[in-house]
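The values are calculated or read from the model by the stated rules, or taken from the named source; none is laboratory data. Remember, predicted model here, so these are calculated numbers, not experimental data. A quick note on method: Cβ atoms are made from the backbone with ideal geometry, for glycine too, and the neighbour counts reach across all protein chains shown. Note: areas computed on protein heavy atoms with side chains; ligands, DNA, RNA excluded. Shrake-Rupley method; radii C 1.70, N 1.55, O 1.52, S 1.80 Å.
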Amino acid sequence: MNMLLKQVLLIFVCFFALAGQAMADSLSDANRVYDEGDYEKAAKLYSPLAKDGNAEAQYILGMMYRAGRGVPHDYKEARKWYLLAAEQGHPLAQFYLGWMYAGGKGVPKDYIQAHVWIDIAIANASGEARKEFIVDRDSLAKSMTADQIAKAQELAKKCTANKFKRC
């Protein structure tokens, strides 16, 4: 019985390893098609990956819906995909989610929520992206009261503690 269990476990490990590689190959294919400018085909390739929980594919679909590139221009659909990627810790998705709240694009304009998501993006980003996020957050803060900023910072801490869920 013990030997049978080991064999079954080995089969599952091999299956998941191969499935992970297939997903990586699919993402590479989608990225290549996107880079070639065939946005409709790229959207079709990203969509199943995004639905399966691939944060990078979710982020890119969010970008595509935000810009109307290969899919209809739809801020609400962009927000959906950005949120799914943001909840997995994707800093660019977190930033653009904040950007959407700052501009009221597909969501009600809400500087506190914008500040929350941009703060979170800053904590998860590095290099030039982080520097740019800080500039944007500081620019946004100029339109906020001290109480609003403090509330946003507290919400960002709670959101991070909850692993980006229920933000």
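General remarks:
- Extension reserve of the Glu154-Asp29 stretch, reckoned as 0.36 nm per residue once the Cα distance is removed: 40.9 nm
- Pairs beyond 32 Å (Cα-Cα), from Lys76/Lys158; Lys41/Lys80; Lys142/Lys165; Lys41/Lys131; Lys80/Lys151; Lys142/Lys163: Lys41/Lys131
- The length gained by stretching the chain between Asp110 and Lys51 to full extension, at 0.36 nm per residue less their Cα-Cα distance, is 18.5 nm.
- Karplus-derived 3J(HN,Hα) values for region 25-34, using 6.51 cos²θ - 1.76 cosθ + 1.60 with θ = phi - 60°, are 5, 5, 5, 4, 4, 4, 4, 4, 4, 4 Hz; glycine and proline are entered as x.
- Euclidean distance between Cα centres, region 143-167 to region 50-70, Å: 25 Å
- Helix 146-161 vs. the chain, principal-axis angle (Cα, 0 to 90°, nearest 10): 10 degrees
- The string of couplings for region 40-53 from the Karplus curve (6.51, -1.76, 1.60, θ = phi - 60°) is 5, 5, 4, 4, 5, 7, 6, 3, x, 5, 5, 5, 7, x Hz, one whole number per residue in order, with x for Gly and Pro.
- For region 115-148, the list of trypsin sites (Lys or Arg not before Pro) that fall in a loop by DSSP and count at most 16 other C-beta atoms within 10 angstrom reads Lys142.
- Percent accessible area from carbon and sulfur atoms, region 18-167, protein chains only, probe 1.4 Å: 50 percent
- Accessible area of Ser139 in the full protein assembly, 1.4 Å probe (Å², nearest 10): 70 Å²
- Size of charge dipole - the chain - debye, nearest 20, with Cβ of Lys, Arg +1 and Asp, Glu -1, no other charges: 560 debye
- Vicinal HN-Hα couplings computed from phi for region 109-115 (Karplus, 6.51 cos²θ - 1.76 cosθ + 1.60; Hz; Gly/Pro x): 4, 8, 5, 5, 4, 4, 4
- Ranking Ala86, Ala150, Ala67 by Cα position along the charge dipole of the chain, where only Lys, Arg, Asp and Glu carry charges on their C-beta atoms, puts Ala150 farthest toward the positive end.
- Annotation for Ala129 and Asp74: the two label points, set 7 Å from Cα along the Cα-Cβ direction, are 2.5 nm apart.
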